[in-house]
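Report on the structure given below.
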Amino acid sequence: MSETDTPEIRITAEPQFLPTNCKFRVDRSMYSGHLYTSDPAWAKEWSPLAAAIFSAVDGVRGIRIGRSEVMITMHEVPSDWREMARSSGSAIRGFLQGGGEAFKEGAAEALQNTDLVRHNAQTVIDDELNPGLASHGGWVEIQASDGADLYINMGGGCQGCSSAGETMQQGIEVAIRDKVPEVGNIFDSTDHNSGSNAYM
């Protein structure tokens, strides 16, 4: 296939409820799980895609790369998300057009410090929490982190559910702390008022 025949890479930007966050959805698979880094030096060694974003966009605090999405957290709320989105989208598209892998083999094992804490908490979410919540049409994700503190977003049937507070405190938080005691504070960063089961 010639360069001109390469299918267009479609990327959409979605600003999040946390104003420092923007999620970029990509029309193809990039990675089988989730990995987050706040360390440009680690990214340069282990994640060519994250390194490309850190290099192209000023003020990035952290990057989470999943199967077909990239969540970018900024140190400060951008004055114009459109400019940030264009720079980020261009970096993601340019990397994918080059055909590289998002992560090198062994990247997860090389995580350190609070990025490792967040990764271990994400593993609990992926392996234990989301499979159970899916039976109720819900899911949770780590929207952002500040050191060892986590900001959790609830989606689907969990967003706006009258039992969301109980689920967060007695289910999600307990499960994460049981397996990852190094976690600091856990905050609910969900926009419950916009959920399909919004609080009355």
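How many residues does the stretch 104-122 hold that are touching a Phe, Trp or Tyr at 6+ places or on another chain (Cβ under 6 Å), in a loop (DSSP other than H, G, I, E, B) and surrounded by 15 or more Cβ atoms within 10 Å (Cβ to Cβ)? Residues meeting the conditions: 1.
Please find, among Glu101, Glu83, Glu128, the residue that is part of a helix (DSSP H, G or I) and not assigned by TED's automatic domain parsing to the domain that holds Pro181.
On the way: Glu101 fails: part of a helix (DSSP H, G or I); Glu128 fails: not assigned by TED's automatic domain parsing to the domain that holds Pro181.
On inspection, the qualifying residue turns out to be Glu83.
Might you let me know whether the stretch 68-79 holds any residue that is among the hydroxyl-bearing types (Ser, Thr, Tyr), over 26 Å from Gly147 (Cβ atoms), modelled with pLDDT of 95 or more and out of contact with any helix residue (DSSP H, G or I) (no Cβ under 8 Å at 6 or more places or on another chain)? There is at least one residue in the stretch 68-79 that is among the hydroxyl-bearing types (Ser, Thr, Tyr), over 26 Å from Gly147 (Cβ atoms), modelled with pLDDT of 95 or more and out of contact with any helix residue (DSSP H, G or I) (no Cβ under 8 Å at 6 or more places or on another chain).
For the criterion of being closer than 12 Å to Ala91 by Cβ, under 17 Å from the mean Cα position of the chain (by Cα) and in contact (Cβ under 8 Å) with a residue 60 or more places away in the chain, Phe17 fails.
The values are calculated or read from the model by the stated rules, or taken from the named source; none is laboratory data. On a predicted model such as this, the values are computed, not experimentally measured, just so you know. Reconstructed Cβ throughout: ideal geometry from the backbone, glycine too, with neighbour counts over all protein chains shown.
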